[in-house]
Amino acid sequence: MKPADIMNKPWWPSSKLLRGESVIATIGLALAAILLAVMGGTAYWTLKVHRSTLEDNRTEQIESVGSVLAETIASLMSANELSVARKLLADSARSFDLERCRVLLADGQVVANADASRVTTSVLPDSWEGSEVAESQVQTDDGFLSLSYPLVISGRGNARLEIAASIKSELSHFADAQAGVGIIGAVALIALLFVYRHMRSRFGTLGMIREALLTYMAEDADPSTLVIKGTKRAEAEAWNAFVQENARLKKQVLSRHIEEFIQSPAKEDSKLDIAVDEMWHGLILVDNQCKITYVNGAAAAYLSKPIKEILGYSFAEIAGDPKLGQALNEVISTSGGNRVAVELDTRDDGAGAVLRFTMRPLRRGDKGAAVIIIEDVTQQRVADESRSAFVTQVTHELRAPLTNIRLCAETVIDDNESDPQTREQCLNVINQEAMRLERVVNDMLSVAEIEAGSIELKRDEVKIEALFEEMKIDYAAQADAKNTSMEFNLPPKLPSLQGDREKLALALHNLLSNAIKYTTDGGAITINVDVEDNKIVMDFIDNGIGISDEDLKRIFERFSRAKDPRVAKITGSGLGLSLAREIIRLHGGDIKVQSQLDKGSTFSVSLPVQSKAA
Amino acid sequence: MEIEEHNYGAVAVIKPIGALTVADADSLKAQMLDVRTKSLGRIVLDVTAVPFVDSRGLEVLVEVAREMTRTGQTLKLAGLTEVLDEVLKLTGLNSSFEYFEDVNAAVRSFL
């Protein structure tokens, strides 16, 4: 590492752990904790033993002093040397830091005391009462040692020497030891920090490698996540080189494997066979007996049989529909060279297809061999049918309001209607039908935009409660006309959405309009709005005619209308739900439906509060 | 990995959600081949929700594409993510498929 690199490295403690350093940090913290625990334990034990030793020594010292003092004072008092005995007592108390040091006669008089003010008799009596000779006594209480020695004063009587002193060691006595332990601890911690720093520098990369491997294994992630970034240490660079080399080798092996895989098929096929197999259209050749002599891959797929089960068989038998066999016979038996096209519709419940079989003689004017081209025109047919249905529905949707508008306008203008109530009714009808026309045209334009992929959302703040207020007013008359109740359950406060107000209004209008349309007279519609997991959830619940399971599968497809005969009597373009779902999805939400025939339907819309409107 | 299936008219759209790895690749292949047989090849693979593909996932896509090529069809991929695009380019497999910006564009290609 260059000196400049060392200078640039952050000094401990680092404000932020890099990837992989958590392992080193964990080890460092564990070591520091163990070190502190060992040092603390050692210091505690040492101080405890030292203190115990000091207390033992002090006890031994006081007992020795007491024994010598008892013997000496008994001799001095026997020799009537009371003043000398008193001085010895005072000196001893001072020298050996005795708390209490006194001589009591058997009758309780204090004849000598380290504290002279507590002496109760100034002279030693010739005799005194009480002749009991007590045993020597030793008593220890909370670090306080009390000793009592019997004295026999010759010719006078018995007495007792009492000594008491503290044997407790003050904590201040251990200050030096504590300071020493503290210094050693601090030095050890500093040493540990240096060791940690060194370990962090040396082993941090290993921690990063470990975490990269764990991430790779746990998240099933891209191998590029194994690359270590943010450090230029030799281990990291070596690891990155290893990962890159491994990825390169894997890609190489995969490419080779796939190349072999792609190049392996049908090497014996001629170029013409390969070219014909690449055709999207099916191609079949038949001889003059209508037996199949050639078939390409697409034709085999359209006929849902393997090639070997087609070659050599009669076309009529393979095709499975008599009109195809008849058409082929016609082509083969006539010399007109006319092309014959037959469409076969095998659609059933989403499966199957519409196949167009175009047949013509192999050479114009010849009888005999023929070529059959098969095209899948299912999607075109579905689109044609949908457009046809759409035109029919839209024509009806446009004609009905236009007729109403024309009739009302004629009533007002031509008949010179003077009754204000009738005029108002006519104008209301014209207004409502104009609004209905506007909605149909808007639906058509929106569908055209979605079809062309050119729909754009204008982002703005949308207040859902305001939208529902408008809807409540807009649909009140329609609901009243069907004697249907509408209940709006909104929370007191709803967050605003970011989205296209007009498009969202269109989607919600379609849902409410459908609920009213497909609910029988006297029904009930409930709209529940709530906020869950940062999403606004809106349930449109009706007790109308419901949707069958079969129709539910296609309910959101464009131009789709339920097969229920009751639905056929109700005007609708089959675009509303498809449009509503597209708009909701463009806002990052979704729409789901639950329904039971004759019991009603629930359409649930969820929109994220932070909408990802495109 | 979750696999959704929708019909857009006569076209079947398969939408895998999640990483396409060895764990799910074979079930996706089985479902795609089944749908492809039923729909006679009118199938689109919507890969907008596939963040990552491993080698087995790539193999499965190539196997299905190869099956379809034998019958003159092409596997149509819609909504390719950047990661998948890069993987297909790096492995040289990008020519095995047809690409479309979104599902609608892919479905329209059958018209």
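Derivation of every value follows stated rules applied to the coordinates shown; laboratory data play no part. For clarity, every value in this text was computed on a predicted model and none was experimentally measured. Reconstructed Cβ throughout: ideal geometry from the backbone, glycine too, with neighbour counts over all protein chains shown.
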- Straight-line reach from A:Lys87: which aspartates and glutamates have a Cα under 17 Å away, not including same-chain ones fewer than 8 places off? A:Glu71, A:Asp97, A:Glu99, A:Asp115, A:Glu162
- Query: Just for segment A:457-608, what percent of DSSP beta bridges are antiparallel, to the closest 5?
  - Reply: 85 percent
- Query: Around A:Tyr294, which amide H atoms from residues at least 5 apart in sequence, or from another chain, sit under 5 Å from its own amide H, with H modelled in the peptide plane?
  - Reply: A:Leu285
- Item | chain A: relative contact order in percent, alpha carbon pairs under 8 Å with at least 6 residues between | 7 percent
- Once amide H atoms are built 1.01 Å from N in the peptide plane, which residues 5 or more positions from A:Gln596, or in another chain, come under 5 Å H to H? A:Ile547
- Anything over 26 Å Cα to Cα? Flag those among A:Lys229/B:Lys15; A:Lys599/B:Lys15; A:Lys463/A:Lys553; A:Lys251/B:Lys29, in the order listed. A:Lys229/B:Lys15; A:Lys599/B:Lys15; A:Lys463/A:Lys553
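Evaluate peptide B:41-50: per residue, the Cβ atoms of other protein chains within 10 Å of its Cβ; return the mean as an integer. Walk me through the numbers on the way to the answer.
Details: counts 6, 5, 0, 0, 0, 0, 0, 0, 0, 0.
Averaged over the peptide's residues, the number is 1.
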- Just order A:149-158, A:505-514 by mean Cβ neighbour count inside 10 Å, highest at the front, would you? A:505-514, A:149-158
- Any chance you could give the angle, 0 to 90 degrees and rounded to 10, that helix A:501-517 forms with the longest Cα principal axis of chain A? 70 degrees
- Message: Relative to 2.2 N^0.38 Å, what does the C-alpha radius of gyration of segment A:455-581 come to as a ratio? Two decimals please.
- Response: 1.09
- Give me a single rounded figure for B:18-28: the average over its residues of other chain Cβ atoms within 10 Å of their Cβ. 1
- What angle, in degrees between 0 and 90 and rounded to the nearest 10, separates the Cα long axis of helix A:464-481 from the longest principal axis of the Cα atoms of chain A? 40 degrees
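Calculate the mean, over all residues of peptide B:1-14, of how many other protein chain Cβ atoms lie within 10 angstrom of the residue's Cβ.
Values: counts 0, 0, 0, 0, 0, 3, 5, 4, 11, 13, 3, 2, 0, 0.
Shielding by partners across B:1-14 averages 3.
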- Looking at chain B from every direction and averaging, what is the projected area of its Cα convex hull in nm²? 5.9 nm²
- Per-residue HN-Hα couplings for segment B:61-77, Karplus 6.51 cos²θ - 1.76 cosθ + 1.60 at θ = phi - 60°, whole Hz, x for Gly and Pro? 4, 5, 4, 5, 4, 5, 4, 6, 4, 4, 10, x, 10, 10, 6, 9, 9
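Assuming a ≥ b ≥ c are the square roots of the Cα gyration tensor eigenvalues, decide whether segment A:378-455 counts as rounded (a/c under 1.5), prolate (otherwise, with a/b larger than b/c) or oblate.
Values: a/c = 5.48, a/b = 2.62, b/c = 2.09.
Cα axes put segment A:378-455 in the prolate bin.
Could you list the square roots of 5 times each eigenvalue of the Cα gyration tensor of segment A:271-376, that is, the equivalent ellipsoid semi-axes, sorted largest first and rounded to whole Å? Please list the in-between numbers first.
Working: eigenvalues 85, 56, 32 Å².
Equivalent ellipsoid of segment A:271-376: 21, 17, 13 Å, largest first.
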- Item | Convex hull volume per residue in cubic angstrom - Cα atoms of the protein assembly as shown | 374 Å³
- With Cα atoms, 0 to 90° folded angle of helix A:175-219 axis to chain A main axis: 20 degrees
